[in-house]
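All remarks here apply to the structure that follows.
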């Protein structure tokens, strides 16, 4: 049976046999069918993510405005997801064309997911904390939340800076390099984390995935479970039909979060724990395949965030309908520019929302 050398580089998903010349080479490159399937899946995620998050961003800029802390957090979540889904097609293109865009693009594109992961997950935790304060601690904070908009912007800035700081190892150690295939004159261009010192490699192999699991998954999960459990307990004690609908929305938020991110983080944990052990080549191939599939499922959360955190609200749905009407209206205006009726109808298009929002607006079905 083939075995895998202990000097496996986690980030490159390849194995070095230079120190083990007598061992058989373990080929871990995915087959073309897997690459093509993954490209199609990522393209679908990119398309839906671009549309959904763009609608959220447009709604907050031109229609709804950001009047509450949750609005500020939702807007920043959409921006974080949009950054990643914009980078995703460039990642797909470069992976299939030997990273033609160069080293700078290699570093930025590889760092895009990390920034999205940390900022997006921490912002979702902020949303759950804000909902907890608004619903569970409503009496204690009554009248104070309208004056806390500046604090939410400061918190978002801190989250972004923290996310960038946690991404620095990926940005610094990601390199574009050529790797020769055994028994072939062809060279494959890679864009992965690479280390010149063995001590640095050992540290980063554990540090990067550990931070991703701890701060990008476990910390937001603990906060969300605590806050949303308290919210559900509070809502179930009321007799409001609207609030009982909100309980189902809360359940959907938690379940979707766990379903998207738990498989990838469990696989990543298992993968990290076995980095410095000798592994079977066949088992490692299966692990990497599962890791790739679960990573795509985690990417899917970028498409679902707009639905879960924005479009589920009654007021947000009304703004979304207004966007569709305005797009239809302006389309007719350009098509029939001579029609005065169409032109007059379009004047009432973009209007910021002037009605206040209550504590349940983000969870109303």
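A short reminder: the numbers here are calculations on the coordinates, not readings from a lab. Just so we're clear, the structure is a prediction, and the values are computed from it rather than from any experiment. Backbone-built Cβ (ideal geometry, glycine too); neighbour counts: all protein chains shown.
The label-point distance for residue 328 and residue 270, in a model that sets each label 7 Å from Cα toward Cβ, rounds to 4.9 nm. Got a sec? Which residues in region 33-72 would a label at residue 296 touch, if it sits 7 Å along Cα→Cβ and we count backbone N under 17 Å? Counting backbone N atoms under 17 Å from the label point, the list is 33-49. Highest mean packing first, where packing is the average number of other Cβ atoms within 10 Å per residue, the peptides 97-104, 126-133 line up as 126-133, 97-104. As a proxy for reagent exposure, 95, 34, 284 were ordered by neighbouring Cβ count within 10 angstrom, fewest first; the result is 34, 95, 284.
FRET efficiency for the residue 189 to residue 157 pair, using the beta carbon distance and R₀ = 35 Å, is estimated at 0.45.
When you count, for each residue, the other Cβ atoms within 10 Å and take the mean per peptide, how do 76-84, 251-259 rank with the highest first? Can you show the working numbers first?
Working: 76-84: 23.9, 251-259: 16.2.
Ranked from most to least packed, the peptides come out as 76-84, 251-259.
For the pair residue 100 and residue 219, what calculated FRET efficiency results from E = 1/(1 + (r/R0)^6), where r is the Cβ-Cβ distance and R0 = 56 Å, to the nearest 0.05? Computed FRET efficiency for residue 219 and residue 100: 0.90. Most tightly packed first, judged by the mean number of other beta-carbon atoms within 10 Å of their residues, the peptides 151-164, 110-123 read 110-123, 151-164. If the chain linking residue 262 and residue 165 were pulled fully straight, counting 0.36 nm for each residue of separation and taking away their Cα-Cα distance, it would gain 32.5 nm. Using a simple spin-label model with pseudo-atoms 7 Å out from Cα toward Cβ, residue 277 and residue 236 lie 4.0 nm apart.
Computed extension length for residue 51-residue 210: 54.0 nm, one decimal, from 0.36 nm per residue of separation with the Cα-Cα distance subtracted.
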